[in-house]
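The values are calculated or read from the model by the stated rules, or taken from the named source; none is laboratory data. Quantities reported herein were computed from a predicted structural model and do not represent experimental measurements. Don't worry about glycine lacking a Cβ; one is built from the backbone with ideal geometry, like all the others, and counts go over all protein chains shown. Ligands, DNA and RNA are excluded from the accessible area calculation, which covers all protein heavy atoms including side chains. Shrake-Rupley method; radii C 1.70, N 1.55, O 1.52, S 1.80 Å.
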Amino acid sequence: MKNLLSGMRLQKDNPTFLIAQYNALSSQIPILYILLVINALAVAITHIHTAPIWLALYIPVALSVVCVFRIAWWQIHGKEQVTAEYAYNVMRRTIVLAAVLTFAFGGWAVALYQYGNAYQQGQIAYFLVVAGISCVFCLMHLPLAAILTTAITFSFMVVTFMFSGKSVFVATATSVIFLSFPFVRVINSYFQNFAGLVRLTEELGDKQAEAERLNLINSRNALQDQLTGLPNRRSFFRELQDMLLQYPDRPPIIGLVDLDGFKPVNDVFGHAAGDLVLKQTAERFLTIMGGKGTVARLGGDEFGIIFPRDMAEVVVAEIGQAFCSALREPYEIPGGSIRISGSCGIVVPEGQGHTAEQLYEKADFALYQVKSRRNGSVEFFSHHLEEILRQRHLIELELQGDDFARELSLEYQPIIDLGDGRVVGFEALARWNSARLGRISPDAFIPAAERTAMIGKMTRILFAEALTALAQMPAPLRLSFNLSARDICDHETSMTLLAMIHGAGIDPRRIEFEITETALLSDFNTAYEVIGLLRATGITIALDDFGTGFSSLSHIHRLEFDKIKIDKSFVMQFDRDVRCMNITRSVANLCRNLGIVSVAEGVESEAIADALLASGVRLAQGYHFSRPLRLENAIAFARESEIATQQPLAASA
Ligand code: C2E
Ligand code: CA
Ligand code: CA
């Protein structure tokens, strides 16, 4: 009962429910009116000759006209999207109108009652019951209207028939009274079900809306860089692919921008400062592009640009320069301002049939070239670069062929003690004599092996050869072996190398691994662990190419290198370039002060060898002493140098 009472009230605070009620009513109410009109006209026709014309005809026709208007109104407005407030007002009016019309129809029927015979009176009774039942079923979604109209029709009937004095009508009236209780129950339970259904639909709708919202966020996250708000790598490639599909004849110009000096910002000033730099960079790039084209963050400190298709190449070049200039502007971070720089690689695609990956690779290659010049400028992918890239692909392909392992070999370059001219060991240098491509420089095939993840396999093949060679070299002689960045950041490779040394029965103290600083940059912690592990067995570690990379004192300090190899680019210019001489001397001093042995590579003349010795450099290698040699020649070279210095070597191991 409580439920019914609360259901009778229009729920003004529940807009969804009001609208649901309105929509349900809009399809039911016209049916109710049609039933009423048909029934009323049926009654009118049978009374046309027995009752006054105004009562028998005019009144029902007038009421029917009202009903027809209401049918038309509901037909027109019932299908419209309405607001809750509108629905509320219409339903309030409907309740009033329902009561008024029921009253009018009921009064009219009762007024006719006295004019008819027993059959006609029976028809009136039928009319009132049908009207009541129609109201119950058609107004169930508006319980107040349903109850009001049923109550009015049934009241007319009960009052008229109870006092008619005719037992049939009295019995009918009595049964109607009892009929009204289950009707109220039916109205109530139907309405509760309806309310439950609306609630359920609403909850489902909410859940669906939530799911859609999360979906939207997910798909936005999947395509957007969270830090800068720019499109991310996936979005960049998707857009590029779409454009290539849409305009295969006119592919867009794309650019890649990479920041120089960003990593130190992160390391020194913290990630918050790094984030600020990236955000400000994104803003600067967007401003330069002026809302045209696409600026995306491809990851880390790399940005990708898709230039508008109608942009001329000169304008693209200017924009590339503008990016580089914008990067050189100071960045404001809490506690000061910092400066970085950056380079830009651009590809202007020619012809058709490009894939997004190919364009990216070309722009990346141009970027790599310009980055290696370290002057923070723009480079276009040229025919010359295209040729280099083609060679690179050929090498990568050939590397993965079956012959590669057989075609690999090592040469050995003597390392000389400048003090007494004795050979102290050799550096093993990889050689690849490809049947198809000819002799390939290690500077070309080692990076290719790194890119194609062949490096681990290659290192193992070469190291096996190096161990066999070392076993043949006279005992105090040592062998230096170059490890790539990938090798040193990989526990598995290092464990394999140790197992190979153990298996070959070689004293680990005769082995030196040369690593470059770039190896430390990719994953310092792993490199640190691996180096510690190798050193613990007695293997020595040399820092190769010192002076060309970051030349970080912190690396030297933390990793306790046994040797530092001064890069040949300084040594070769030693007697011609004062700066090279100063750098070489500084490194030699640094090594002396830290108790680290220094090795000069690329010694091409006696004068340089003498000057290096005078500067405090102990060990050296270079064409002046010997080019890299085949194993037999290397061993012979060592013996000859022993004879020359007259200090006999131990017998062959
Ligand atoms: P690197 O380790 O700095 O090796 C020294 C390079 O300088 C060698 O070039 C050597 O032939 C060359 N060189 C030696 N003395 C002189 C000289 O007096 N003048 C001039 N102009 N050059 C001299 P190479 O053999 O072409 O090797 C190039 C690079 O390839 C090596 O540089 C090293 O980084 C890498 N590499 C060589 N073998 C291996 C290897 O087995 N594994 C790995 N991971 N890298 C290797
Ligand atoms: Ca080396
Ligand atoms: Ca070197």
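Points to keep in mind about this one:
- Rounded, prolate or oblate (a/c below 1.5 giving rounded, otherwise prolate when a/b exceeds b/c) for the range 233-381 by Cα gyration tensor: prolate
- Helix-only arithmetic for the chain: the sum of -39500 (n - 2.57) across DSSP H runs with n ≥ 4, divided by the residue total, places the mean residue ellipticity at 222 nm at -20500 deg cm²/dmol.
- Each label was represented as a point 7 Å from its Cα along the Cα-to-Cβ direction; for VAL186 and GLU203 these points are 2.9 nm apart.
- Prolate/oblate/rounded call for the range 2-207, Cα gyration tensor, a/c under 1.5 rounded: oblate
- Under-5 Å amide H pairs with VAL597, H placed in peptide plane, nonlocal only: ILE564
- Potential lengthening of the chain between GLU492 and THR452 amounts to 12.6 nm, from the contour at 0.36 nm per residue minus the alpha-carbon distance.
- Using the average count of surrounding beta-carbon atoms within 10 Å as a protection proxy, the listed peptides 312-325, 619-632 rank, highest first, as 619-632, 312-325.
- Using only the C-alpha atoms, the convex hull of the chain corresponds to 272 Å³ per residue.
- For the range 251-257, the Karplus equation 6.51 cos²θ - 1.76 cosθ + 1.60, evaluated at θ = phi - 60°, returns couplings of x, x, 7, 10, x, 10, 10 Hz by residue, with Gly and Pro reported as x.
- Virtual spin-label span in nm between ARG509 and LEU521, 7 Å along Cα→Cβ: 3.6
- Note on THR83/ARG309: beta-carbon distance plugged into 1/(1 + (r/R0)^6) with R0 of 51 Å gives a FRET efficiency of 0.65.
- Put simply, the amide H of ASN482, placed in the peptide plane, has neighbours under 5 Å in ALA428, GLU514, leaving out anything fewer than 5 places away on its chain.
- Look at where the Cα atoms of the range 89-130 and of the range 265-310 average out, and the two centres are 78 Å apart.
- Sequence-distant residues sharing a close amide H with ILE416 (under 5 Å, placed H): VAL424, ALA620, GLN621
- Under the criterion of Cα pairs below 8 Å and six or more residues apart, the relative contact order for the chain equals 8 percent.
- Between 0 and 90°, nearest 10: helix 455-472 axis offset from the chain longest Cα axis: 20
- 0 to 90° range, to nearest 10: angle between helix 578-594 axis and the chain longest Cα axis: 90
- Segment ARG238-ASN117, length gained on full extension (0.36 nm per residue, minus Cα span): 35.0 nm
- 3J(HN,Hα) from dihedral phi, the range 267-279, Karplus parametrisation 6.51/-1.76/1.60, rounded to Hz, x for glycine, proline: 5, 8, 9, x, 5, 4, 5, x, 4, 4, 4, 5, 5
- For the range 94-146, carbon and sulfur atoms together expose 76% of the accessible surface, with a 1.4 angstrom probe and every protein chain in place.
- Listed by chain and number, the aspartates and glutamates whose C-alpha is less than 15 Å from the C-alpha of LYS263, apart from same-chain residues fewer than 8 away, are ASP275, ASP301, GLU302, GLU517, ASP523.
- Cross-link reach list, aspartates and glutamates versus LYS362, counting only Cα pairs under 14 Å and skipping chain neighbours closer than eight places: GLU350, GLU379, GLU386, GLU387
- The protection proxy used here, the mean number of other Cβ atoms lying within 10 Å of each residue, ranks peptides 65-73, 340-348 as follows, highest first: 340-348, 65-73.
- Sequentially through the range 393-400, phi angles give Karplus couplings (6.51, -1.76, 1.60; θ = phi - 60°) of 5, 4, 5, 4, 5, 5, 4, 8 Hz, Gly and Pro residues having no value and appearing as x.
- Centroid-to-centroid separation of the range 617-637 and the range 375-445 [C-alpha atoms, Å]: 19
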